[in-house]
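S.K.: What follows is a structure written as structure tokens; I'll ask about it next.
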Amino acid sequence: KKSQPKVRDLEGVRVLITAGRNNEPLDPVRFITNRSTGRMGYALAEAALARGADVTLVSGPSGLTPPSGVRTVPVETGLEMYAGVMEHLDAHDVIIGAAAVADYRPKERSTAKIKKKDGPLVIEMVRNPDILLEVGQRKRADQVLVGFAAETNDVLENARGKLQRKKADLFVANDVSREGAGFGTDTNIVTLIDREREVDLPLMSKRDVADRVLDRVLELRLERQD
Ligand code: CTP
Ligand code: CA
């Protein structure tokens, strides 16, 4: 196991991270969700904390324990995650969207358990807000915004499009169809994409990916101060 950097090069830097999935309730006993476990976001929180950052983790439901020393904002739905991020946005220098935010939620949330009937059940879904897109529109010039793109096809093209559209500074493109990458694994294979360069990283632990992302964030912050 490779040793982690001992440098506290993020001392005084306030980092806001979203992690995990959302549960979007249909009724008191059912919800719609996705496969995200929160590992990438929690690895980022751990790495940033170890490097001296002041870390806020807006976390969807996850079986993982947030590292102690991290300010955790537990949320369940996409709307709650949106509210949590907007509340803490101004007080942070770096915003990293590692959560698999639910793109849609059921239009109606029944207060009573839905009973089965003859024939199919049709659930109408409505769009959740795009948190990263809104952060990109609101962010100050000194704030650095990082997104993750989990894709199964046209990985780099899709990630480049998201970098532009969401006005992010860095995007981490991730081909979830590859072995050793994506949901529920401890490793990832990613490409770091920003306006200047694209760097392909080999298969590595999510913790090492986290450190490489933070390395690039630091460089982008320094370039901005020149
Ligand atoms: N994201 C977000 N809010 C949403 C959806 C996504 O903040 N409602 C963020 C994710 O946390 C991630 C980035 O946007 O950092 C890209 O998410 P992704 O699902 O890959 O992109 P979408 O814009 O949702 O597009 P699509 O799912 O259609 O590919
Ligand atoms: Ca999405």
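S.K.: What is the distance in Å between the Cα centres of the stretch 117-174 and the stretch 73-105?
M.R.: For the stretch 117-174 versus the stretch 73-105, the Cα centre distance is 12 Å.
S.K.: Over the stretch 1-80, what is the relative contact order in whole percent, taking alpha-carbon pairs under 8 Å and six or more residues apart? All intermediate terms of the calculation are to be shown ahead of the outcome.
M.R.: On the way: 156 pairs, mean separation 28.4, N = 80.
For the stretch 1-80, the relative contact order is 35 percent.
S.K.: Follow-up. Can you pull out the trypsin sites (Lys or Arg not before Pro) in the stretch 195-226 whose DSSP state is coil and whose Cβ has at most 13 other Cβ atoms within 10 Å? Walk me through the intermediate numbers first.
M.R.: Working: sites: Arg195, Arg197, Lys206, Arg207, Arg212, Arg216, Arg221, Arg224; in loops: Arg195, Arg197.
When the trypsin sites (Lys or Arg not before Pro) of the stretch 195-226 are filtered for loop state and at most 13 Cβ neighbours within 10 Å, Arg195, Arg197 remain.
S.K.: Comparing Ser177, Ser36, Ser110, which has the greatest mean-square fluctuation in the GNM of the chain with Cα pairs linked when under 10 Å apart?
M.R.: Comparing Ser177, Ser36, Ser110 in the GNM, the peak value goes to Ser110.
S.K.: Shifting gears a bit: ³J(HN,Hα) across the stretch 7-18 via Karplus (A = 6.51, B = -1.76, C = 1.60, θ = phi - 60°), whole Hz, x for Gly/Pro?
M.R.: 5, 9, 7, 10, 3, x, 8, 9, 10, 9, 10, 9
S.K.: Using a 1.4 angstrom probe on heavy atoms only, work out the carbon and sulfur share of the accessible area of the chain in %. Present the calculation step by step, with values, prior to reporting the outcome.
M.R.: Details: 5830 of 11800 Å².
About 49 percent, which is the carbon plus sulfur part of the accessible surface.
S.K.: Separate question: Per residue, what accessible area does the stretch 57-140 have, given a 1.4 Å probe and all protein chains present, in Å²? Before the final figure, lay out each step's value.
M.R.: Values: 5050 Å² over 84 residues.
I get 60 Å² per residue for the stretch 57-140.
S.K.: Given the pairs Lys166/Lys206; Lys113/Lys206; Lys139/Lys206; Lys107/Lys162, which are separated by over 30 angstrom at their Cα positions?
M.R.: Lys113/Lys206
S.K.: If Lys and Arg each add +1 and Asp and Glu each add -1, what is the summed charge of the other residues whose beta carbon sits under 15 Å from the beta carbon of Ala102? Don't skip to the end; give the middle numbers.
M.R.: Details: positive: Arg21, Arg30, Arg35, Arg105, Lys107, Arg109, Arg127; negative: Glu24, Glu76, Glu80, Asp103, Glu124, Asp130.
Summing Lys/Arg as +1 and Asp/Glu as -1 gives +1.
S.K.: Still on this structure, I have one more. Rounded to the nearest 500 deg cm²/dmol, what is the calculated helix-only ellipticity per residue at 222 nm for the chain, with -39500 (n - 2.57) per DSSP H run of length n ≥ 4? Could the numbers behind the result be given before it?
M.R.: On the way: 5 runs with 62 residues, N = 226.
Taken over the chain, the calculation gives -8500 deg cm²/dmol.
S.K.: If the cut-off is a Cα-Cα distance under 12 Å, which aspartates and glutamates reach Lys167, setting aside same-chain residues fewer than 8 apart in sequence?
M.R.: Glu134, Asp194
S.K.: Restricting to the stretch 1-146, compute how many DSSP beta bridges are antiparallel as a %, nearest 5. Before the final figure, lay out each step's value.
M.R.: On the way: 6 of 23 bridges.
Here the share of antiparallel DSSP bridges comes out near 25 percent.
S.K.: Heavy-atom accessible area of Glu108 with all protein chains present, probe 1.4 Å, nearest 10 Å²?
M.R.: Taking all protein chains as shown, Glu108 has close to 130 Å².
S.K.: In a GNM of the chain with a 10 Å cut-off on Cα contacts, which of Val135, Val70, Val172 has the highest mean-square fluctuation?
M.R.: Val70
S.K.: Further, regarding this structure: May I ask which residue of Val94, Gly41, Thr56 lies farthest towards the positive end of the charge dipole of the stretch 1-117, with charges of +1 (Lys, Arg) and -1 (Asp, Glu) on Cβ and the Cα centre as origin?
M.R.: Gly41
S.K.: Sticking with this structure for a sec: Stick to the Cα atoms of the stretch 106-149, pair each with every other, and give me the Kirkwood hydrodynamic radius in Å at one decimal.
M.R.: On the way: mean 1/r = 0.0690 Å⁻¹.
The Cα-based Kirkwood calculation yields 14.5 Å.
S.K.: Hey, what did the chain get for relative contact order, percent, Cα under 8 Å, at least 6 apart? Before the final figure, lay out the partial values.
M.R.: Numbers: 480 pairs, mean separation 42.2, N = 226.
Over the chain, the number comes to 19 percent.
The values are calculated or read from the model by the stated rules, or taken from the named source; none is laboratory data. Source: prediction; values computed, not measured. We place every Cβ from the backbone using ideal geometry, glycine too, and count neighbours over all the protein chains shown. In case anyone asks, the SASA skips ligands and DNA or RNA and just uses the protein heavy atoms, side chains included. Shrake-Rupley method; radii C 1.70, N 1.55, O 1.52, S 1.80 Å.
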